[in-house]
Amino acid sequence: MRLADGPQVECEIGISAAQEHVWGLASDIATSARHSPELQEVEWLDGASGPAVGACFAGRNRNAGLGEWRTRSRITRIEEHRTFQWEVVHDDDRCDHGPLAVWTFTLQPLPDENGTCLRHGMRLGDTPGPLQQAVARYPDREEQIIDGRLAMLRDGIEATLAGVKADAEGQGRRGR
């Protein structure tokens, strides 16, 4: 995969719980921080106290390959019980840049079952960020850099989905 291909990753999981219950977990920014191996903590910004289009939140991330960094995100789309989407933007004093990445939870009923299909994914945004900088430094390794990052993100998304499933089905773990 190359930057020009629009890198993205999405995973899904079936959950034996009502869509409304799964929605409460997916639209709570603390859920991802509880289960993601990379996202360590989150906090609402600018007086926000819950999900609403335009609300911003900060995140602290860490992984062995990239170290530790902070992010700033803004919620861009909410369709009650169906879609929760936010953009990661540059971490500065404002929350008005184009996206570095776009993250989405999508929910729908499982066919012929009592439960919810939860999808979680991200696509690289239009604003240059650390991934593009790494590719610019090592252009001959572009595919390796992008494939490696997407593999890390896939692992994190799968861990987050497994955690949401455990929470929703009453088997949630406490903290880290």
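The values are calculated or read from the model by the stated rules, or taken from the named source; none is laboratory data. Bear in mind that the values here come from a model prediction, so they are computed numbers and not experimental data. Don't worry about glycine lacking a Cβ; one is built from the backbone with ideal geometry, like all the others, and counts go over all protein chains shown.
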Inside segment 4-97, counting only strands (runs of 3 or more DSSP E) that do not spill past its ends, which hold 3 or more residues that are closer than 14 Å to residue 163 by Cα and not polar (S, T, N, Q)?
-> 8-15
Subset of segment 64-79 [among the acidic types (Asp, Glu) and either loosely packed, with under 11 Cβ neighbours inside 10 Å or within 16 Å of residue 39 (Cβ to Cβ) (or both)] | 68
What about residue 79, is it at pLDDT 95 or above, over 18 Å from residue 150 (Cα atoms) and out of contact with any helix residue (DSSP H, G or I) (no Cβ under 6 Å at 6 or more places or on another chain)?
-> yes
Kindly check whether there is at least one residue in segment 118-130 that is modelled with pLDDT under 95 and crowded, with 20+ Cβ neighbours inside 10 Å.
-> yes
Restricted to segment 1-42, and to residues that are polar (S, T, N, Q) and in contact with a helix residue (DSSP H, G or I) (Cβ under 9 Å, 6 or more places away or on another chain), which residue is surrounded by the most Cβ atoms within 10 Å (Cβ to Cβ)?
-> 32
